[in-house]
Amino acid sequence: MKPLAKRTEGLKQSSIRAITLMLRDIDGINLGQGICDMPTPGPIKQGAHAAIEADKSIYSYYGGIQPLREGILEKARSFNHIPVDSPDNIMVTVGSTGAFVATLFTLLNEGDEVIVFEPYYGYHVNLLQVMGAGIRTITMQGPDWDIDFEAVEHAITGRTRAIIVNTPGNPNGKVWSRQELETLLALMEKYDLYAITDEIYEYMLYDGREHVSLASLPGALSRTITISGFSKTYNMTGWRLGYAVGPVDIIDKMGLLADLLYICAPTPLQYGVAEAFSMPDSYFTEMAAAYAEKRDVLCSTLEEIGFNVPWPQGSYYVLADFAPLQARFNGFADDEEAQLTLVREAGVGTVAGRSFFAHPEDGATRLRFCFAKELEVLEEACRRLTNAFGQTG
Ligand SMILES: Cc1ncc(COP(=O)(O)O)c(C=O)c1O
């Protein structure tokens with residue numbers, strides 16, 4: 001048999017699935033996968049239900065139904081402060097992942113280089129690999145995950161085409177400051193680069209931090225594609241609805257590509273999610289406050305146990321360092337062993353640190369915990385962790 005396409009060579013199932021199966025057998029709690037198990041807001045469900053009953057069952061325009069694009073346009077202007085003025089600046093996609101794929105297809109030729117900051121979200125890097133892009137990783141430093149802009153400039157070559165920014169970030173909760181984004185934009189302008197920003201956790205911010213969209217900075221829109229979606233903010237990861245905001249000419253080509261890939265996002269679900277824009281401001285403030293409480297519960301527990309915990313500035317993950325536990329316990333030789341030890345001893349699932357770094361050894365003493373769980377479930381996970389690893393005095 002002839003071999004499969006080269007682009008499939010590096011693809012393999014991550015350990016997340018294996019851990020999920022192990023947890024199922026022992027009635028464990030999964031703090032690994034970034035799935036929020038809270039309910040989807042009622043108005044969104046009712047909107048989709050009504051659209052299904054009304055037989056709104058045919059393909060939509062590839063860029064999405066008009067009321068939804070208008071809702072996203074208004075949100076991009078008022079919340080993100082992006083200076084867009086037409087629904088043609090907006091495209092609705094199958095998850096924010098659909099927007100990311102369409103962006104890569106539209107901006108990159110094979111062999112083009114892209115700068116990515118690590119620890120990174122694995123899908124960004126894996127999709128870049130599938131596209132045949134060259135990946136340059138810049139490691140964020142210290143508890144605040146600072147960006148070394150000299151290293152960024154050093155990594156830019158004649159083949160560099162784009163930079164990926166994920167704010168608030170998965171897995172480390174980094175929130176880019178306005179000043180950092182301004183410095184980045186200056187480099188983008190100097191070297192004629194695009195940015196692809198993944199802002200899917202934009203409503204999950206702590207300690208009074210502000211979400212700044214790169215595309216809102218003067219001059220940035222023409223070279224920035226802003227990606228977001230409904231999965232996380234409205235607890236609906238399985239609905240697969242996201243969007244991109246950008247210059248009309250780029251969004252237009254992205255739409256044509258998305259049309260070829262999957263024609264359109266599911267039409268009745270688009271009608272449902274259009275209701276997201278009728279949610280009151282209190283929905284977002286209450287959600288952020290609830291996540292802040294969950295962050296406290298999880299991060300304090302991990303600290304009491306002895307983890308070194310860089311508290312996330314946003315998003316709903318923490319990338320904790322278990323190096324201090326290695327002297328106290330067996331089973332923490334590296335991230336994969338620690339991941340199994342937490343399943344075995346506490347019935348708690350996490351993601352091994354190596355998933356977020358170009359070199360596995362850079363994640364060797366880290367585990368990612370997700371706190372997008374019902375509070376009681378998270379508290380139970382914390383009790384189990386404390387029972388298994390708590391300091392006895
Ligand atoms: C940074 C980041 N971007 C995108 C996604 C996927 O989003 P969607 O469900 O909209 O495709 C995730 C999911 O975990 C994520 O963490």
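Number of residues in region 221-250 that are away from the ligand (no atom under 16 Å from the Cβ) and open to solvent by 10 Å² or more (accessible area, probe 1.4 Å): the value is 7. Candidates R328, R384: the one that is of a type in the set (K, R), farther than 23 Å from S231 by Cβ and modelled with pLDDT under 95 is R328.
When L319, L367, L342, L325 are checked against the criterion of being in contact (Cβ under 8 Å) with a residue 40 or more places away in the chain and touching a Lys or Arg at 6+ places or on another chain (Cβ under 7 Å), a single residue qualifies: L319.
Of all the listed residues (P143, P119), the sole one being within 16 Å of the ligand (Cβ to nearest atom) and either open to solvent by less than 10 Å² (accessible area, probe 1.4 Å) or over 18 Å from the mean Cα position of the chain (by Cα) (or both) is P119. Pairs are defined by a Cβ separation below 7 Å, a sequence spacing of at least 6 or placement on different chains, a first member in region 156-179 that is open to solvent by less than 10 Å² (accessible area, probe 1.4 Å), and a second member that is in a strand (DSSP E or B) and of a type in the set (K, R); the pairs so defined are P171/R368. Within region 210-225, residues that are without any contact (Cβ under 8 Å) to a residue 60 or more places away in the chain sit with their Cβ atoms under 6 Å from residues that are in a loop (DSSP other than H, G, I, E, B) and buried (at least 21 other Cβ atoms within 10 Å of the Cβ), at 6+ positions apart or across chains, in these pairs: L214/A220. Condition check: buried (at least 17 other Cβ atoms within 10 Å of the Cβ) and closer than 29 Å to T167 by Cβ. Does T301 satisfy that? Taking the combined requirement at face value, the residue satisfies it. Within region 203-212, is there a residue that is buried (at least 20 other Cβ atoms within 10 Å of the Cβ), part of a helix (DSSP H, G or I), in contact with a Lys or Arg (Cβ under 7 Å, 6 or more places away or on another chain) and at pLDDT 95 or above? No, there is no match, as no residue in region 203-212 is buried (at least 20 other Cβ atoms within 10 Å of the Cβ), part of a helix (DSSP H, G or I), in contact with a Lys or Arg (Cβ under 7 Å, 6 or more places away or on another chain) and at pLDDT 95 or above.
The values are calculated or read from the model by the stated rules, or taken from the named source; none is laboratory data. What you see is a predicted model, and the numbers here were worked out from it, not measured in a lab. Please note: Cβ atoms are built from the backbone with ideal geometry, for glycine as well, and neighbour counts cover all protein chains shown. Quick note on the areas: whole protein, heavy atoms, side chains included, nothing else; ligands and nucleic acids left out. Shrake-Rupley method; radii C 1.70, N 1.55, O 1.52, S 1.80 Å.
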